[in-house]
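The values are calculated or read from the model by the stated rules, or taken from the named source; none is laboratory data. Everything quoted here is computed from the prediction, not taken from an experiment. We place every Cβ from the backbone using ideal geometry, glycine too, and count neighbours over all the protein chains shown.
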Amino acid sequence: MTSPSVSHLPAPIARADNTALASEPLIERARAYTEAAVPPNTLRAYAASWRSFAVFCDSRDEESLPAAPQTVALYVAHRAELCTVSTVRQNLAAIASKHAENGLESPCKHEVVRRMFRGIARTKGTVPRRKDAITIDPLRAMLLEIRGEGLKAERDRALLLLGFSAALRRSELAAINFEDLAFCKEGLRLTIPRSKTDQTGEGAVIAVPYVPNRSLCAVRALRSWLEASGITSGPVFRSFTLRRELTDRAVDGGAIAELIQTLARKAHLDGNYAGHSLRAGFATSAARAKVSLDSIARTTRHKSLTVLMGYVRPAQAFDDVALTSMIV
């Protein structure tokens, strides 16, 4: 199956007089750049969505390409019984992309599909299920569950503390290279070359200072890990074999989420924790400490204050509540 983001590139590309305009290597580079326009995770998700839709159409003896709006509407109703509203939205995006790729009008624009989706959104709701935030106290409890001074313990401490202190997504943690680190007398300047909201690679630099509490200092923990592991290039946070031998491969984002869940369980923390919990914990803790939105956003790199306020409002929910002043 052709990837859903790639427009068909004629080979060879020709001038009006039918003479060749570009060599094969140039065409291949053009194709590669076109594919790079969409993040790999999105490509994989679109491919899975399209397969799901194709199977649905086959089961009903309906055409998938081009698809009739009524077929898409039935598919949307089917998917709404199985998954979240955001997943249904992604399914529709994949169908629209596949049609656009083949020069076809998207059936997703039809009113019957739009109305169906609006009805699903109103019925099921679209509020995202947030992961619980790992704030300071849960972070301390989880760090206590990292036993010993072995290499894995050193890595896990540095990973948790840097993930929290720099408000990193799990994918960003996994992607850090030694070359992205710049230690200075104040602490660490961490370069994030690319992130979920920075797909064009403009990059960002996050300042992570030394903090007086050594047990919560990400910079000291990271220095300790690098010294113990001997890492001087390439991935900073690497995976271990089943025998706890360090590899040269970067740790997987899923493994980071599993580590967080395991430590939370060992620390007897109630809640739904995952890779995003460290990032959420930084924003929530900063909001509780009355840190300004601008200062929080410099670390979290939120481009939308509306999204950032999703962390701030719950953290400050009991500040200046009317009932507190009414009943004494």
Look through SER171, SER229, SER239, SER224 and report the one residue that is closer than 25 Å to PRO138 by Cα, of a type in the set (S, T, N, Q) and over 21 Å from the mean Cα position of the chain (by Cα).
-> SER224
What is the number of the single condition among (1) modelled with pLDDT under 95; (2) within 25 Å of ALA274 (Cβ to Cβ); (3) hydrophobic (A, V, I, L, M, F, W, C) that ALA218 does not meet?
-> (1)
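To keep it simple, each residue is scored yes or no on (1) polar (S, T, N, Q); (2) modelled with pLDDT of 95 or more; (3) part of a loop (DSSP other than H, G, I, E, B); (4) out of contact with any helix residue (DSSP H, G or I) (no Cβ under 7 Å at 6 or more places or on another chain).
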{"residue": "SER5", "(1), (2), (3), (4)": "yes, no, yes, no"}
{"residue": "PRO10", "(1), (2), (3), (4)": "no, no, yes, yes"}
{"residue": "ALA37", "(1), (2), (3), (4)": "no, no, yes, yes"}
{"residue": "VAL76", "(1), (2), (3), (4)": "no, no, no, no"}
(1) closer than 19 Å to VAL72 by Cα; (2) in a loop (DSSP other than H, G, I, E, B); (3) within 20 Å of the chain's Cα centre (by Cα): which one isn't true of LYS131, the others all being true?
-> (1)
Residue in the stretch 65-74 that is surrounded by 18 or more Cβ atoms within 10 Å (Cβ to Cβ), under 25 Å from the mean Cα position of the chain (by Cα) and of a type outside the set (A, V, I, L, M) present = no
Close pairs from the stretch 39-59: first assigned by TED's automatic domain parsing to the domain that holds ALA94 and surrounded by 13 or more Cβ atoms within 10 Å (Cβ to Cβ), partner outside any helix (DSSP H, G or I) and of a type outside the set (S, T, N, Q), Cβ under 6 Å, at least 6 apart = TYR46/PRO4
Residue set LEU190, LEU181, LEU242, LEU160; condition under 20 Å from ILE260 (Cα atoms) and either at pLDDT 90 or above or surrounded by 16 or more Cβ atoms within 10 Å (Cβ to Cβ) (or both); output residue LEU160
Selected residue [within 16 Å of the chain's Cα centre (by Cα) and under 19 Å from ALA141 (Cα atoms)] from GLY275, GLY271, GLY203, GLY253 | GLY275
Which residues, counting only those in the stretch 214-239, are crowded, with 17+ Cβ neighbours inside 10 Å and basic (Lys, Arg)?
-> ARG220, ARG238
What tally of residues in the stretch 269-300 results from selecting those that are over 25 Å from GLY203 (Cβ atoms) and free of Cβ contacts under 8 Å to residues at least 60 places away in the same chain?
-> 4
Given (1) within 24 Å of ALA182 (Cβ to Cβ); (2) outside any strand (DSSP E or B); (3) touching a residue at least 24 places away in the same chain (Cβ under 8 Å), number of the condition PRO212 does not satisfy = (3)
Residue pairs within 7 Å by beta carbon, gap of at least six or interchain, first lying in the stretch 110-128 and outside any helix (DSSP H, G or I), second at pLDDT 90 or above, listed first then second, are HIS110/PRO69
When residues of the stretch 245-255 are limited to those that are out of contact with any strand residue (DSSP E or B) (no Cβ under 6 Å at 6 or more places or on another chain) and not in a strand (DSSP E or B), the one surrounded by the fewest Cβ atoms within 10 Å (Cβ to Cβ) | GLU245
